[in-house]
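Visitor: One structure follows; several queries about it will come next.
The values are calculated or read from the model by the stated rules, or taken from the named source; none is laboratory data. The structure presented is a predicted model; accordingly, all values stated were derived computationally and were not measured. Here the Cβ positions follow ideal geometry from the backbone for every residue, glycine too, while neighbour counts run over all protein chains shown. Ligands, DNA and RNA are stripped out before the accessible areas are found, and what is left, the full protein with its side chains, is counted by its heavy atoms. Shrake-Rupley method; radii C 1.70, N 1.55, O 1.52, S 1.80 Å.
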Amino acid sequence: MLKTIKVKLNAPADRSYSIVIGRGILKNAGKTVKDLGLGNDIFLITDSNVNCLYGKPALLSFRQGGFKTTASCVIKAGEDSKSLDSFIKIQGALYNFDRNGNRQIVIATLGGGVPGDLGGFIAGTYKRGISFIQMPTTLLGFVDCGLGGKTAVNFRDAKNSIGIFWQPRLVYMDIDALKTLPLREIQSGLAETLKYGVISDPALFDYLEFNSDKLLVPDMAVYERVIPICVKIKADITSADERDEKDIRIMLNFGHTAGHAIEAATGYRKYTHGEAISLGMLIAGGISKELGLFRDADLFRLENLIENLGLPVKLSGCKVSSVLEAMKHDKKFKSGVNRFILPVKIGACKVVDNIPEKVIAKAVKSRMV
Ligand SMILES: NC(=O)c1ccc[n+]([C@@H]2O[C@H](COP(=O)([O-])OP(=O)(O)OC[C@H]3O[C@@H](n4cnc5c(N)ncnc54)[C@H](O)[C@@H]3O)[C@@H](O)[C@H]2O)c1
């Protein structure tokens with residue numbers, strides 16, 4: 001199975017790109033990238049875990065695909081590497097590799113959201129922007145961070161606070177990489193996967209409910225079906241609202257207002273991103289139910305699926321007040337007016353502003369252990 005999904009961006013047309021999805025296709029990456037005619041030299045950015053598993057085959061594929069020179073830069077695995085320190089070190093290595101600007105470099109990021117976001121930011125800023133391709137290897141990378149063009153590093157205690165939009169020229173997904181991904185990372189990606197069911201695809205939600213045990217194995221046949229569906233939803237949304245300006249892309253933020261607040265209130269250590277987003281989706285569901293917008297039965301289905309995927313439905317390790325305080329820093333809140341993406345049924349969400357604080361507090365409190 002090889003699927004190609006297109007992200008169509010507004011003019012200039014050459015910013016549109018393809019997302020290639022398949023199994024066992026890492027070995028063909030080099031030729032596919034070379035055929036795009038973006039350059040002759042590959043600079044691979046990956047992390048220490050992914051490098052051990054896929055670094056060599058990726059470089060071999062680039063050489064066999066016709067790239068003249070290849071180099072790789074390996075960061076320490078983990079969120080701490082998404083920093084300005086890593087940014088400066090890699091820019092230095094890239095500068096050395098460039099031989100006084102004589103090379104035609106294409107950056108390839110290989111790994112999850114950390115090498116992806118960092119590598120995209122490096123590509124978008126080196127010489128005011130050079131081509132890059134994303135090769136995600138986590139489920140979160142496949143369904144979310146591998147596409148869309150948001151790149152960034154963290155600064156002090158603020159996540160993704162320094163970054164730019166910089167679109168990849170190709171996203172290349174060998175989903176067999178899931179076979180080596182630790183279960184907790186798979187579960188983290190499943191939170192974003194089920195999010196797509198809630199915001200726009202009730203049939204996807206049904207399918208995930210029916211196959212929840214297979215998703216944890218992981219059963220690759222199930223992922224072959226699910227990943228392209230999620231990619232298509234994100235590709236369509238980002239094509240319609242590349243820069244988050246039209247209240248379309250904002251729907252991807254379902255569960256993220258409370259989720260980000262939970263990550264901050266627990267010091268970014270207790271929960272993975274997906275675990276925090278699961279709790280955030282339940283809090284948004286609770287708010288929506290309280291406002292009479294979301295049925296009890298639908299909230300129950302959401303909670304059940306989250307629980308069956310081994311994701312948390314109860315929150316611990318922080319106070320209600322710290323979650324509420326952290327929420328106030330959400331980028332969607334303007335001049336003290338809050339803004340949430342609330343589910344109205346399985347398959348549809350809406351933006352709601354100015355929700356009474358006591359309603360939000362009640363929904364957070366109901367999730368505490
Ligand atoms: N740009 C976006 O639109 C976007 C969207 C969502 C999240 N993000 C960002 O993504 C990051 C989180 O992404 P992530 O969860 O992919 O993190 P990650 O890159 O840290 O990967 C998680 C862990 O899995 C390991 N790993 C990766 N692929 C593997 C494989 N195939 N087999 C074994 N181990 C593997 C990594 O080494 C790491 O330890 C955060 O920084 C978040 O801000 C970005």
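Visitor: When all C-alpha to C-alpha distances in the chain are sorted into bins of 10 Å, what percent of pairs does each bin hold, rounded to whole numbers?
Guide: Whole-percent P(r) values from 0 Å outward: 5, 25, 33, 24, 10, 2, 0.
Visitor: Under 8 Å for C-alpha pairs, at least 6 residues apart: give me the relative contact order for the chain, rounded to a whole percent.
Guide: 14 percent
Visitor: Per residue, how large is the accessible surface of the chain? Use a 1.4 angstrom probe and give square angstrom. Let's see the in-between values first.
Guide: Working: 15790 Å² over 369 residues.
Value returned for the chain: 43 Å² of accessible area per residue.
Visitor: Dipole magnitude of the chain about its Cα centre, charges +1 at Lys/Arg Cβ and -1 at Asp/Glu Cβ only, in debye to the nearest 20? The partial results should precede the final answer.
Guide: On the way: 50 positive and 38 negative charges, 141 e Å.
Here the size comes out at about 680 debye.
Visitor: Quick check: Cα centre of the stretch 1-63 to Cα centre of the stretch 314-369, how many Å?
Guide: Between the Cα centre of the stretch 1-63 and that of the stretch 314-369, the gap is 38 Å.
Visitor: So how do 182-188, 258-264 stack up, highest first, on mean other-Cβ count within 10 Å?
Guide: Details: 182-188: 17.1, 258-264: 25.1.
Packing proxy ranking, top to bottom: 258-264, 182-188.
Visitor: Shifting gears a bit: How high is the relative contact order of the stretch 184-365, in percent, counting Cα pairs under 8 Å that sit 6 or more residues apart? List each step's numbers first, then the result.
Guide: On the way: 261 pairs, mean separation 52.9, N = 182.
29 percent.
Visitor: Another question about this same structure. Among DSSP beta bridges whose residues both lie in the chain, state the antiparallel percentage, nearest 5.
Guide: On the way: 18 of 44 bridges.
Bridges in the chain are about 40 percent antiparallel.
Visitor: Another one. State to the nearest 20 debye the size of the charge dipole of the stretch 201-287 about its Cα centre, where the only charges are +1 on K and R beta carbons and -1 on D and E beta carbons. Walk me through the numbers before you get to the answer.
Guide: Working: 9 positive and 14 negative charges, 50 e Å.
Dipole magnitude for the stretch 201-287 comes out near 240 debye.
Visitor: What order, most packed first, do the peptides 327-333, 42-48 have when packing is the mean number of other Cβ atoms within 10 Å of each residue? Intermediate results must be reported in sequence, preceding the final value.
Guide: Numbers: 327-333: 15.4, 42-48: 24.4.
By packing density, highest mean first, the sequence is 42-48, 327-333.
Visitor: Can you find, among Gly285, Gly336, Gly189, the residue farthest towards the positive end of the dipole of the stretch 184-365? Put +1 on the C-beta of Lys and Arg, -1 on that of Asp and Glu.
Guide: The one lying farthest along the dipole's positive direction is Gly336.
Visitor: Loop-only check: which trypsin sites (Lys or Arg not before Pro) in the stretch 198-265 are DSSP coil with at most 16 other Cβ within 10 angstrom? Mind dumping the intermediate values first?
Guide: Numbers: sites: Lys214, Arg225, Lys232, Lys234, Arg243, Lys246, Arg249; in loops: Arg243, Lys246.
Counting only loop positions with at most 16 other Cβ atoms within 10 Å, the trypsin sites (Lys or Arg not before Pro) in the stretch 198-265 are Arg243, Lys246.
Visitor: Using the Cα centre of the chain as origin and beta-carbon charges of +1 (Lys, Arg) and -1 (Asp, Glu), tell me which of Leu147, Gly37, Phe121 is placed farthest towards the positive end of the dipole.
Guide: Gly37
Visitor: Be a star and scan the stretch 104-132 for residues whose amide nitrogen sits under 20 Å from the point 7 Å along the Cα-to-Cβ vector of Leu60.
Guide: Flagged as within label range: 108-111.
Visitor: Using Cα pairs under 8 angstrom and six or more residues apart, how large is the relative contact order of the stretch 2-181, in percent? Please report the intermediate quantities before stating the final value.
Guide: Numbers: 384 pairs, mean separation 42.7, N = 180.
Worked out over the stretch 2-181, it gives 24 percent.
Visitor: Of the accessible area of the chain, with the probe set at 1.4 angstrom, what percent is carbon plus sulfur? Mind showing how you got there, number by number?
Guide: On the way: 8240 of 15790 Å².
C and S fraction of accessible area: 52 percent.
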